[in-house]
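*Asks:* Take a look at this one; I'll ask things after.
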Amino acid sequence: MMFFNPFGKEYAWAPRWNQLERIYIKTFGVIDLPGRLRARLAIREMRKFGVNNLLDFGCGTGTYSFYFSRSPGVKVKGIDTDESRIADCRLITKKIGRGTTEFYVENGYGSLRLFGDRSFDCALGIEVFQYIPDLEGTLGEMYRLLRPGGYLFGHVPVLGYLRETEHILFDDDNIRRLLNRSGFEIVKVTSSFGGAIRQLCAFYDKIVNSKYITAILYPFLLAISHAFDVEAPDGDYRFFIARKPLGG
């Protein structure tokens with residue numbers, strides 16, 4: 001199913017692509033091996049809980065927003081600080097006629113106040129929480145936005161050092177502590193991106209600067225990656241699921 005309806009195929013409508021690039025993305029999906037692997041893990045877990053009204057926090061190119069809004073009746077709000085990406089997402093929304101999806105520019109992370117209390121049953125933050133200066137304030141807002149029993153899904157690095165523009169150095173303890181302090185119950189925290197998946201991503205990093213080599217090898221790397229689980233005990237990242245209590 002994912003082969004014929006690949007993750008990120010909507011991104012083909014972004015204005016930067018030529019006709020050949022557009023056909024390639026429609027066929028294989030968004031060209032981002034680590035991103036596709038994160039999506040494989042996140043989508044698998046999110047399907048277990050169901051999604052009806054989703055907040056895609058740090059939506060970037062909108063790939064998760066567009067993926068989940070493919071399902072009838074699912075409404076998605078995407079929000080990001082990058083105005084050019086939001087402009088692309090809005091253009092794509094018009095091109096594909098996806099009226100259940102809306103995108104907003106963050107003017108500081110207080111922009112979550114655009115949305116009313118208990119507006120969403122799910123919130124998603126993939127590779128975004130490490131960049132937030134006031135993470136506790138943001139998690140508190142996400143708690144407010146979720147309905148009782150709603151779920152927060154996230155993926156964060158646990159590398160032991162900060163990369164450029166990152167503010168939060170995550171470890172296994174402070175992930176749980178930050179979520180609990182904001183009122184969430186921990187459902188699951190799992191390690192990811194270790195073993196063979198780490199090796200595949202390292203190889204992809206070596207070729208990605210060559211457009212033509214990437215175009216040739218990318219489908220094969222995707223196919224090979226299906227032989228391995230993104231979850232791995234020696235992984236450098238953590239995928240977490242947290243829940244707003246029913247009485248919250």
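The values are calculated or read from the model by the stated rules, or taken from the named source; none is laboratory data. Because the structure is predicted, anything quoted here is derived from the model rather than measured. So basically every Cβ, Gly included, is an ideal-geometry build from the backbone, and we count neighbours across all protein chains shown.
*Asks:* Only one of G154, G150 is within 18 Å of G235 (Cβ to Cβ) and not in a helix (DSSP H, G or I). Can you tell me which? Talk me through it step by step, then tell me what you get.
*Replies:* Values: G150 fails: within 18 Å of G235 (Cβ to Cβ).
Among G154, G150, only G154 is within 18 Å of G235 (Cβ to Cβ) and not in a helix (DSSP H, G or I).
*Asks:* I've got another one for you. Report whether or not I168 is of a type in the set (V, I, T), over 25 Å from R44 (Cα atoms) and crowded, with 16+ Cβ neighbours inside 10 Å. Reasoning before the result, please.
*Replies:* Values: of a type in the set (V, I, T): yes; over 25 Å from R44 (Cα atoms): yes; crowded, with 16+ Cβ neighbours inside 10 Å: yes.
Yes, satisfied.
*Asks:* Give me a count of the residues in the range 171-188 that are crowded, with 17+ Cβ neighbours inside 10 Å and of a type in the set (A, V, I, L, M).
*Replies:* 3
*Asks:* If you go through the range 193-224, how many residues are part of a helix (DSSP H, G or I), under 22 Å from T27 (Cα atoms) and in contact with a helix residue (DSSP H, G or I) (Cβ under 8 Å, 6 or more places away or on another chain)?
*Replies:* The number of residues fulfilling the criteria is 13.
*Asks:* Looking only at residues in the range 204-239 that are surrounded by 14 or more Cβ atoms within 10 Å (Cβ to Cβ) and touching a strand residue (DSSP E or B) at 6+ places or on another chain (Cβ under 7 Å), which one is nearest to P34 (Cα to Cα)?
*Replies:* Across the range 204-239, the extreme among qualifying residues is V230.
*Asks:* Could I ask something else about it? Quick one: would you say L162 is in contact with a Ser or Thr (Cβ under 6 Å, 6 or more places away or on another chain) and either of a type outside the set (K, R) or in a helix (DSSP H, G or I) (or both)?
*Replies:* When the stated conditions are applied, L162 does not pass them.
*Asks:* So which residues in the range 128-139 are part of a helix (DSSP H, G or I), within 14 Å of I175 (Cα to Cα) and either of a type in the set (A, V, I, L, M) or more than 17 Å from the chain's Cα centre (by Cα) (or both), if there are any at all?
*Replies:* Passing the criteria: L135, E136, L139.
*Asks:* When you check R90 against the structure, is it on the phi < 0 side of the Ramachandran plot, modelled with pLDDT under 95 and either part of a loop (DSSP other than H, G, I, E, B) or among the basic types (K, R) (or both), yes or no?
*Replies:* Answer is no for this residue.
*Asks:* Go through E164, E185 for me and flag whichever is modelled with pLDDT under 95, out of contact with any Leu (no Cβ under 6 Å at 6 or more places or on another chain) and not β-branched (V, I, T).
*Replies:* Exactly one of E164, E185 is modelled with pLDDT under 95, out of contact with any Leu (no Cβ under 6 Å at 6 or more places or on another chain) and not β-branched (V, I, T), namely E164.
*Asks:* Any residue at all in the range 75-82 that is closer than 20 Å to N5 by Cβ and touching a helix residue (DSSP H, G or I) at 6+ places or on another chain (Cβ under 6 Å)? First the steps, then the outcome.
*Replies:* In the first step, residues of the range 75-82 are kept if they are closer than 20 Å to N5 by Cβ; the result is 75-76, 78.
Those still in the list that are touching a helix residue (DSSP H, G or I) at 6+ places or on another chain (Cβ under 6 Å) too: 76, 78.
Yes, the range 75-82 has at least one match.
*Asks:* Further, regarding this structure: What is the residue count in the range 93-127 for residues that are of a type outside the set (D, E, K, R) and assigned to a helix (DSSP H, G or I)?
*Replies:* 7
*Asks:* Next question, about the same structure. Given the criterion in contact with a Leu (Cβ under 6 Å, 6 or more places away or on another chain) and in contact (Cβ under 8 Å) with a residue 12 or more places away in the chain, identify the matching residue among F68, F28, F57.
*Replies:* After applying the criteria, what remains is F68.
*Asks:* Would you please name the residue that is farthest from G194 (Cα to Cα), looking only at residues in the range 8-60 that are buried (at least 21 other Cβ atoms within 10 Å of the Cβ) and aromatic (F, W, Y)?
*Replies:* Y11
*Asks:* Tell me, please, whether a residue that is over 12 Å from G58 (Cα atoms), buried (at least 18 other Cβ atoms within 10 Å of the Cβ), under 16 Å from the mean Cα position of the chain (by Cα) and without any contact (Cβ under 8 Å) to a residue 40 or more places away in the chain can be found in the range 101-117.
*Replies:* Scanning the range 101-117, I find at least one residue that is over 12 Å from G58 (Cα atoms), buried (at least 18 other Cβ atoms within 10 Å of the Cβ), under 16 Å from the mean Cα position of the chain (by Cα) and without any contact (Cβ under 8 Å) to a residue 40 or more places away in the chain, so the answer is yes.
*Asks:* Give the residue, chosen from K211, K188, that is at negative phi and without any contact (Cβ under 8 Å) to a residue 12 or more places away in the chain.
*Replies:* One residue alone meets the criteria, K211.
*Asks:* For the range 1-86, list the helices (runs of 4 or more DSSP H) that sit wholly inside it and hold at least 1 residues that are over 16 Å from I126 (Cα atoms); which are they? I'd like the intermediate steps shown before the answer.
*Replies:* Values: elements: 19-28, 33-49, 63-68.
Here the list reads 19-28, 33-49.
*Asks:* Which pairs do you get when a residue that is closer than 13 Å to K94 by Cα and among the acidic types (D, E), found in the range 1-17, comes within reach of a residue that is at pLDDT below 95 and assigned to a loop (DSSP other than H, G, I, E, B), reach meaning Cβ atoms under 8 angstrom, with the pair 6+ apart or on two chains?
*Replies:* E10/R98
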